[in-house]
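Accompanying notes for the structure given below.
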Amino acid sequence: GENVEQHPSTLSVQEGDSAVIKCTYSDSASNYFPWYKQELGKRPQLIIDIRSNVGEKKDQRIAVTLNKTAKHFSLHITETQPEDSAVYFCAANLYGGSQGNLIFGKGTKLSVKP
Amino acid sequence: DTEVTQTPKHLVMGMTNKKSLKCEQHMGHRAMYWYKQKAKKPPELMFVYSYEKLSINESVPSRFSPECPNSSLLNLHLHALQPEDSALYLCASSLEPGEDTQYFGPGTRLTVL
């Protein structure tokens, strides 16, 4: 079936370093790719998203890149801070969104060491 | 109001109980979702309501029964649950189904004894 693969499953970086999380998707009709941050015991919160008509989007220290041909997209966090520590999920909409499904990757636990 | 709210925050129930989870949004969103999230796992889609009609049921057991009384409210009725149903139940909404940002509620932490 359709799925989203996410790597790595855990990532540990020093404060101030950059972190990169990568996802691949299988449904060529997918056209919306959000990233969510989930802190322990909290709800998933959208941090950035990208649509298939652009290749890159940036919001302060966070950027997302999309390669439609290769069907992969990545999250880049620069100048990491301890408060960036959380689980990050990528997602893709199934069937180009015609049915409303989001398929999530398995998550990346990011630890930023002070 | 830019929030999705859920009640209760925590729920403990026995396998013979009947209970309901409630979700509310006042953002004028036309799509609402129920997800189940087990520890250290991603959210798993259970149901999608689009314009108050059930559009997706991801083969969820009948002991989970969704209801959408109006465009702002979404309920999940629970009956005869099993201990393996213990999880965080998340509600989400989006302006339209499929291509729009989904905003999540805080979730209900459910424990089935």
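Read the figures in this text as sums done on the coordinates, not as results from a lab. Given the structure is predicted, the values throughout are model-derived calculations rather than measurements. Cβ placement follows ideal geometry from the backbone for every residue including glycine, while neighbour counts extend to all protein chains displayed.
In this structure, the pairs whose alpha-carbon distance is over 25 Å, taken from A:Lys57/A:Lys109; A:Lys109/B:Lys36; A:Lys113/B:Lys36; B:Lys19/B:Lys53, are A:Lys113/B:Lys36.
Over all other residues within a Cβ to Cβ distance under 14 Å of A:Ala19, the charged ones net out to 0, with Lys and Arg as +1 and Asp and Glu as -1.
Quick one: plug the Kirkwood hydrodynamic radius of chain B (C-alpha pairs) into Stokes-Einstein at 25 °C, 0.890 mPa s, and report D in µm²/s. This corresponds to a translational diffusion coefficient of 176 µm²/s. Across chain B, the mean sequence separation of Cα contacts (distance under 8 Å, 6 or more residues apart), normalised by length, yields a relative contact order of 37 percent. Remark on region B:69-113: ratio of C-alpha radius of gyration to 2.2 N^0.38 Å is 1.41.
Checking the Cα-Cα distances for A:Lys37/B:Lys9; A:Lys58/B:Lys9; A:Lys68/B:Lys41; A:Lys22/B:Lys22 against a 30 Å cut-off, the pairs over it are A:Lys58/B:Lys9; A:Lys22/B:Lys22. For A:Lys106, the aspartates and glutamates whose Cα falls under 19 Å of its own Cα, not counting residues fewer than eight places away in the same chain, are A:Glu2, A:Glu5, A:Asp27, A:Glu39, A:Asp49, A:Asp84, B:Glu44, B:Glu58. When the alpha-carbon atoms of the protein assembly as shown are used, the pair Rg, Dmax equals 17.6, 52 angstrom.
Specify the inter-centroid distance of region B:1-51 and region B:69-113, based on alpha-carbon positions, in whole Å. Using only Cα atoms, the two centres lie 2 Å from each other. Between B:Met27 and A:Gln45, the modelled labels are 1.4 nm apart [label points 7 Å from Cα along Cα→Cβ].
Here the convex hull built on the C-alpha positions of chain A has a volume of 96 cubic angstrom per residue. Projecting label points 7 angstrom from Cα along Cα→Cβ for A:Ser9 and B:His79 puts them 3.9 nm apart.
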